[in-house]
């Protein structure tokens, strides 16, 4: 722990592995770093597969680095355990930064992390924060609930789309229109980028979430870095607007949700332990498993006085 | 309930709305239908946005209908509440079937369903099963955890990809390679379909999940129905191979996971109620929300004797 604070990347890597494999609270890590949290500004980068997020992330890192900032990167990939990340060709693009001591890149597997990926990612963000990064960049692939949960963690969210992905309807389907603070149309050299930007602005204007302030819609090219300086500027502007007060308000909401997630994780772990060891519970559960009783009824029968028992005095 | 069993579509629609808005157990619906479940064969259709799943689904419905089967369809869309589904242009393609009394189509919104979308979808599948459909087709957009949870519910899963989406890496990223019983390359008139099929087979061969039997990789065109007869044949073959024994085994596993999900939902609901009403808990929670205490430590402090209290005698 001390070595983490002294800036040992090896200590950081080891702690990340630890919290990936065990909820960080179990390892005693979180209580020790809690009072040091909150210095890093966390940027989420999300969008559909193939939007060029990795290339764009690489350019954003470059821009942040030239301004002297230290950057931690978390790449969240729902790859299967059998690939082990080895087939992630486009991660290679990020290798520009592997030798830079001001950049630390970590890929996270989505399967099998105890207590869920969103939980583990949140803990890793905290570790990177305490390590001393000015920015933590979280890149997620995909558009599902886990990604939304992760984005719920970041201080701002950049949604990356591509011209051809974007007849508007498809993008909306992905639920991405709800979560962006900044929208980027990447691969903007492709046909249709400008008209998509206009269309996207139209869609965003209809969304009550953005009634008070429209999020910027920007054009970028991750391959050659066009538009990236403007994107980083927009991120900084957003950071400045949020200030300490609004940022802290956002983080408060997030901590509340995080606690609920950890409670759910703990409950299921406990349940699995009990259902695996208690013969009477095993018998009850088998009624559900065999389909002879519906799960809602069983829940009421197993927990007639409510499910949880907090200590309230 | 009686009217559901008599085949009243209005009764079905009303019950679906009920379980969407309230967990079905709360409404007393599930205990009443539990012993009638399991007749419908449930097909999941999933894949990235823009893969043409709705058109393909429409063709599959047509093929199932011409064989005399009744089909229930659940379209799960992570659209935002503000669109209200009105902008879902491609749903229109399914309208071919709206006037067919042997087809019932229901769109489900992803946000705001109490207890989660996966939970609500499972209950709706059950309602459609009891209503008397031979097949329930569940179409999901996207590639996240919620979609995986939903696919975990279906008896078989068809993964739909398109040639241009598919450099293999992108598809793997989406976590889709893990869950398919049948893989379809739709829009197969586009360039690269054949080579993608070969590439996909190569990727699937590397996956231990498919060591005993390779899933079929098929080419389709949702627009004109090319390859759809073969796809439906493959679904039926899979259904025959599963038989009653393997199918029931799969369903047992699913019921176990379903119970855990419902437990998590119940716990969070209960927690929110308590944290909103109990002053002492409110105070404790505020330490987490303000960031003065880490959530894992707080969890242990609030639940020193474990979180849940099942009745074991």
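Annotation: of all residues in the stretch B:129-147 being modelled with pLDDT under 70 and assigned to a loop (DSSP other than H, G, I, E, B), the one that is surrounded by the most Cβ atoms within 10 Å (Cβ to Cβ) is B:143. In the set (1) under 15 Å from residue A:228 (Cα atoms); (2) away from chain B (no Cβ under 14 Å), the condition left unmet by residue A:70 is number (1).
Checked against the criterion of being within 13 Å of chain A (Cβ to nearest Cβ), surrounded by fewer than 21 Cβ atoms within 10 Å (Cβ to Cβ), at pLDDT below 95 and over 11 Å from the mean Cα position of the chain (by Cα), the stretch B:94-103 contains not a single residue that satisfies it. With the requirement that a residue be under 15 Å from residue A:163 (Cα atoms) and within 22 Å of the chain's Cα centre (by Cα), what does the stretch A:199-219 give you? A:217, A:218 - these are the residues of the stretch A:199-219 that are under 15 Å from residue A:163 (Cα atoms) and within 22 Å of the chain's Cα centre (by Cα). Scanning the stretch A:148-172 for residues that are at pLDDT below 55 and under 11 Å from the mean Cα position of the chain (by Cα) yields a total of 0.
Name the single residue, out of those in the stretch B:59-93 being part of a helix (DSSP H, G or I) and closer than 17 Å to residue B:46 by Cβ, that is modelled with the lowest pLDDT. Show your work before the answer.
Keep residues of the stretch B:59-93 that are part of a helix (DSSP H, G or I), which gives B:59-66, B:89-93.
From what's left, closer than 17 Å to residue B:46 by Cβ: B:59-61, B:90-91.
Working: B:59: 93, B:60: 95, B:61: 94, B:90: 43, B:91: 49.
Out of the qualifying residues, it is B:90.
Tell me whether the stretch A:38-53 contains one or more residues that are more than 16 Å from residue A:232 (Cα to Cα), more than 13 Å from chain B (Cβ to nearest Cβ) and either in contact (Cβ under 8 Å) with a residue 40 or more places away in the chain or in a loop (DSSP other than H, G, I, E, B) (or both). The answer is no; no qualifying residue exists. With respect to residue A:196, is the statement that it is at negative phi, assigned to a helix (DSSP H, G or I), more than 23 Å from the chain's Cα centre (by Cα) and surrounded by 15 or more Cβ atoms within 10 Å (Cβ to Cβ) true? Yes; evaluated as a whole, the condition is true for this residue.
The values are calculated or read from the model by the stated rules, or taken from the named source; none is laboratory data. Computed from a predicted structure; not experimentally measured. Reconstructed Cβ throughout: ideal geometry from the backbone, glycine too, with neighbour counts over all protein chains shown.
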